[in-house]
Every structure is written in structure tokens, then in C-alpha cells.
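Chemist: Sharing a structure with you now.
The values are calculated or read from the model by the stated rules, or taken from the named source; none is laboratory data. Quick caveat: nothing in here was measured; it's all calculated off a predicted structure. Cβ atoms come from the backbone with ideal geometry, glycine included; neighbour counts cover every protein chain shown. For accessibility, only protein heavy atoms count, side chains too; no ligands or nucleic acids. Shrake-Rupley method; radii C 1.70, N 1.55, O 1.52, S 1.80 Å.
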Amino acid sequence: CRWMPVVSPDRPGGQAGMSVGNREHRPLVTGTGRFVDDIRLDGLLHMKVLRSPHAHARIVSIDTRAAAALPGVVAVITGPEARQLAGPLPTMSNAIPDLKIPAHHLLAVDSVHFAGEGVAAVVATDAWLASDALEHIEVQYEPLPAVLDPEKAMEPESPVLHEELGSNVAY
């Protein structure tokens, strides 16, 4: 496999526009490359995360029973369960005296704060089964107002993303 980079004339072995060989590309181009996803170990499990479609919403309910009942599903975990297992994730230090930092958990607990935030996780014997199980999880959301403009989000009348902090101003 060869490619055409722009190489400095003073760089050893090259002038601008010269074709340069690249040994590490051959396995990728010929389909013989090995990736982490190709590794199979005894007892290996796969996890997939169900993500929120909403930028800001209260989680009314999550029903995971149908997903958990599927053969090959080892566990289905929601935010409250993950919070009991792991507690909040560490965040940056409070280097600024008035800095307000919300608690960050592995999965959303009571509400989601951005589109794509994880609300449940499925652990299964294979990746396809884990993906299929996600479709059996039923989540009811109560959409809340979201503000996409950071300047407007700082205004006192804007909806507050993390209510426990009292405003959207971090410091």
C-alpha cells in the first residue's frame, strides 16, 4: 500500500510528492489485520448502552424486564443500580473557589442532561444479543426545556440543567 504525503525536501528519503511505502497498511487493506474486536476469550461478555434521545428530560420509568428475560442476557443495569454499585465518577478538582460541579454517574439516575446520555446498560454473551436486548427496554421520558445557546443558558430565566446547583453558571 502506498500513499502520497507532502514531505519536506530536507527530510531524509523524500521530496515533496514522492511515494512512500507504508508497511502497517498492508494487513488493513488485505483484510488480514487483527483488531481488539477479533479477540475471543472464554467467558467474554459484551455490553451495550441505551442512550437518551433527549437533550434534557426527566426519566419517568424504565422497564427492563423483557430485556433481562432474553436468553444470553447476563445483566441489565439502570442508573439507580449503577449508582449503588459505583457512586459518582471523579471530576476535576475544585481549583476555582466558586466552581459548581454536578455529580456525574455511570448512567443517568433521575434525568438526562444531554442527548446520548446513557440510561441503561445490557451485558450479554454476544454483541448482537446485547444490541437486540436494548430494543426491549422501555423508557418513558418527560421532556424538559433545553437551551442550546450557552449565552442564553446563563440568563436567570433559562431552564436549569442541574437543579441541585441552582443555575447554569458553573463559576
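Chemist: Is it fair to say residue 143 is open to solvent by 50 Å² or more (accessible area, probe 1.4 Å), of a type outside the set (Lys, Arg) and either out of contact with any Lys or Arg (no Cβ under 7 Å at 6 or more places or on another chain) or more than 26 Å from residue 67 (Cβ to Cβ) (or both)? Talk me through it step by step, then tell me what you get.
Modeler: On the way: open to solvent by 50 Å² or more (accessible area, probe 1.4 Å): yes; of a type outside the set (Lys, Arg): yes; either out of contact with any Lys or Arg (no Cβ under 7 Å at 6 or more places or on another chain) or more than 26 Å from residue 67 (Cβ to Cβ) (or both): yes.
Here the answer is yes, as residue 143 does meet what is asked.
Chemist: For segment 90-102, name all the residues that are within 25 Å of residue 148 (Cα to Cα) and either free of Cβ contacts under 8 Å to residues at least 60 places away in the same chain or not in a loop (DSSP other than H, G, I, E, B) (or both).
Modeler: Those that are within 25 Å of residue 148 (Cα to Cα) and either free of Cβ contacts under 8 Å to residues at least 60 places away in the same chain or not in a loop (DSSP other than H, G, I, E, B) (or both): 91, 92.
Chemist: Being aliphatic (A, V, I, L, M) and assigned to a loop (DSSP other than H, G, I, E, B) is the filter; apply it to segment 43-89 and report the residue that is surrounded by the most Cβ atoms within 10 Å (Cβ to Cβ). Spell out how you get there, then give the answer.
Modeler: The first filter runs over segment 43-89 and keeps only residues aliphatic (A, V, I, L, M), leaving 44-45, 47, 49-50, 55, 57, 59-60, 62, 66-70, 73-77, 82, 85-86, 89.
Next cut, assigned to a loop (DSSP other than H, G, I, E, B) only: 44-45, 55, 69-70.
Details: 44: 10, 45: 14, 55: 18, 69: 11, 70: 15.
This residue is 55.
Chemist: Show the residue pairs that are 6+ apart or on different chains and have beta-carbon atoms under 6 Å apart, the first residue being within segment 38-56 and among the small types (Gly, Ala, Ser), the second being surrounded by fewer than 16 Cβ atoms within 10 Å (Cβ to Cβ) and outside any loop (DSSP other than H, G, I, E, B).
Modeler: Correct list of pairs: empty, since none qualify.
Chemist: Within segment 109-140, take every residue that is closer than 17 Å to residue 80 by Cβ, open to solvent by 50 Å² or more (accessible area, probe 1.4 Å) and of a type outside the set (S, T, N, Q) and give me the one that is modelled with the lowest pLDDT.
Modeler: Of everything passing the filter in segment 109-140, 110 is modelled with the lowest pLDDT.
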